[in-house]
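**Student:** What follows is a single structure, and I will ask about it in a moment.
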Amino acid sequence: MDSVFASIVQAPEDPILGVTVAYNKDPSPNKLNLGVGAYRTEEGKPLVLNVVRKAEQLLVNDQSRVKEYLPILGLAEFNKLSAKLILGDDSPAIQENRVATAQCLSGTGSLRVGAEFLAKHYHQRTIYIPQPSWGNHVKVFTMAGLSVKNYRYYDPTTRGLNFQGLLEDLGAAPAGAIVLLHACAHNPTGVDPTVEQWEQIRHSMRSKGLLPFFDSAYQGFASGSLDVDAQPVRMFVADGGECFIAQSYAKNMGLYGERVGALSIVCKAADVAGRVESQLKLVIRPMYSNPPIHGASIAMTILKNSDMYNEWKIELKAMADRIISMRKQLFDALSA
């Protein structure tokens, strides 16, 4: 008897993750994986940060640790520390309890939870994403029920930012539309606005009541400084306006497979943030109930211990510096 699924067609491989599948199958000794963006050592091997190994050792040795379910929103201390990492130690939004944060499944999960929340609770169903953007953005937002439009971003002729086109497209967006912004290290182009340009983008968006949704996948990875890379987000929070921030620890802590991330929603007032948080739980509960404990515990251990935090910053800067110097070497070699 035929399978009830006999009519299902073979799906194409994911354009990004599919490259890794092909790479693993290829027997050539001279191969390079240009698929998913994961850091590699000089020997082409994955890197586990020393500070991550230390944190893990502490967790393993702690006999009081159990494997019970986390609350729906995850580890409360991890959430606090994550908001602080992106918004800054002295953020008024944090001090005034205006931030609702949920531990989510890395960057993708944070984007998806934010998108589901917006589809359910926000009056605008349109999100503008840069042209081009990370390949998964369109699918994440579409699956959540938002409609995706593009704004001009990359200019192939200058290999830089099409700033005029960007401002025109955001200026033409309907009031209240959601706008996805890459916090730093724009994927896939690597082109970021300058601080002055960010200020103009902020002004233009706020004057039209556009809602910023930051995807922060590379904090500390772009410049080597956690604070420099968070600057655009902090500019939008400093004006007292609202915004969404999806954070990932995949790259900057090398916790790729642990799926460690957070969604923070910065609100106008503490009572609003409280209600937003209550509704975030209702989005997450039927989706995956509650997030995994191990990876977030690693991140939390590093973030709350000042020695480990400093050690992490040094390792992070070493990775960022090496990427910057390798890009320069590649550029010089191609030019030559």
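The values are calculated or read from the model by the stated rules, or taken from the named source; none is laboratory data. No experiment lies behind these values; they were computed from the predicted model shown. Note: ideal-geometry Cβ built from the backbone for every residue, glycine included; neighbour counts use all protein chains shown. These area figures cover heavy atoms from the full protein model, side chains too; ligands, DNA and RNA do not enter into them. Shrake-Rupley method; radii C 1.70, N 1.55, O 1.52, S 1.80 Å.
**Student:** In region 214-242, what count of residues is obtained for those that are assigned to a loop (DSSP other than H, G, I, E, B) and either touching a Ser or Thr at 6+ places or on another chain (Cβ under 9 Å) or farther than 19 Å from Ala320 by Cα (or both)?
**Tutor:** Number of matching residues: 7.
**Student:** Report yes if Gly224 is in contact (Cβ under 8 Å) with a residue 24 or more places away in the chain and either more than 15 Å from the chain's Cα centre (by Cα) or within 23 Å of Ala269 (Cα to Cα) (or both), otherwise no.
**Tutor:** Yes: the conditions hold for Gly224.
**Student:** Let me ask you something else. Can you work out which of the residues in region 8-25 that are assigned to a loop (DSSP other than H, G, I, E, B) and open to solvent by 100 Å² or more (accessible area, probe 1.4 Å) is farthest from Ala38 (Cα to Cα)?
**Tutor:** Going through the qualifying residues, I end up with Ile8.
Table: residues versus (1) aromatic (Phe, Trp, Tyr); (2) modelled with pLDDT of 95 or more; (3) open to solvent by 10 Å² or more (accessible area, probe 1.4 Å); (4) farther than 19 Å from Leu70 by Cα.
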{"position": "Phe221", "(1), (2), (3), (4)": "yes, no, yes, yes"}
{"position": "Met235", "(1), (2), (3), (4)": "no, yes, yes, yes"}
{"position": "Ala246", "(1), (2), (3), (4)": "no, yes, no, yes"}
{"position": "Leu282", "(1), (2), (3), (4)": "no, yes, yes, no"}
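**Student:** Taking the condition modelled with pLDDT of 95 or more, over 16 Å from Ala115 (Cβ atoms) and touching a strand residue (DSSP E or B) at 6+ places or on another chain (Cβ under 7 Å), does Leu170 pass?
**Tutor:** yes
**Student:** Identify, please: which residue in region 34-74 is in a helix (DSSP H, G or I) and of a type in the set (Lys, Arg) and is, among those, farthest from the chain's Cα centre (by Cα)?
**Tutor:** Lys54
**Student:** Given the conditions (1) in contact (Cβ under 8 Å) with a residue 60 or more places away in the chain; (2) surrounded by fewer than 21 Cβ atoms within 10 Å (Cβ to Cβ), which single one is not true for Gln231?
**Tutor:** (1)
**Student:** Under 7 Å between Cβ atoms, at least 6 apart or on separate chains: pull out the pairs that start in region 83-101 with a residue that is under 15 Å from Leu226 (Cα atoms) and end on any residue that is among the β-branched types (Val, Ile, Thr) and surrounded by fewer than 16 Cβ atoms within 10 Å (Cβ to Cβ).
**Tutor:** none
**Student:** Looking for whichever is in a helix (DSSP H, G or I), in contact with a Leu (Cβ under 9 Å, 6 or more places away or on another chain) and not hydroxyl-bearing (Ser, Thr, Tyr) here; the options are Ile265, Ile245, Ile284. Which one fits?
**Tutor:** Among Ile265, Ile245, Ile284, only Ile284 is in a helix (DSSP H, G or I), in contact with a Leu (Cβ under 9 Å, 6 or more places away or on another chain) and not hydroxyl-bearing (Ser, Thr, Tyr).
**Student:** If you check Gln200, Gln219, which single one turns out to be more than 18 Å from the chain's Cα centre (by Cα) and among the polar types (S, T, N, Q)?
**Tutor:** Checking each option against the conditions leaves just Gln200.
**Student:** Being of a type outside the set (Asp, Glu) and either crowded, with 16+ Cβ neighbours inside 10 Å or touching a Leu at 6+ places or on another chain (Cβ under 9 Å) (or both) narrows it down to one residue among Met326, Met253; which is it?
**Tutor:** Going through Met326, Met253 in turn, the sole match is Met253.
**Student:** In region 149-193, what residues are of a type in the set (Gly, Ala, Ser), part of a loop (DSSP other than H, G, I, E, B) and open to solvent by less than 10 Å² (accessible area, probe 1.4 Å)?
**Tutor:** Matches in region 149-193: Ala173, Gly176, Ala177, Ala183.
**Student:** Here's something else I'd like to know. Only one residue in Ser289, Ser306, Ser216, Ser207 is open to solvent by 10 Å² or more (accessible area, probe 1.4 Å), in contact (Cβ under 8 Å) with a residue 60 or more places away in the chain and among the polar types (S, T, N, Q), so which one is that?
**Tutor:** So the residue among Ser289, Ser306, Ser216, Ser207 that is open to solvent by 10 Å² or more (accessible area, probe 1.4 Å), in contact (Cβ under 8 Å) with a residue 60 or more places away in the chain and among the polar types (S, T, N, Q) is Ser289.
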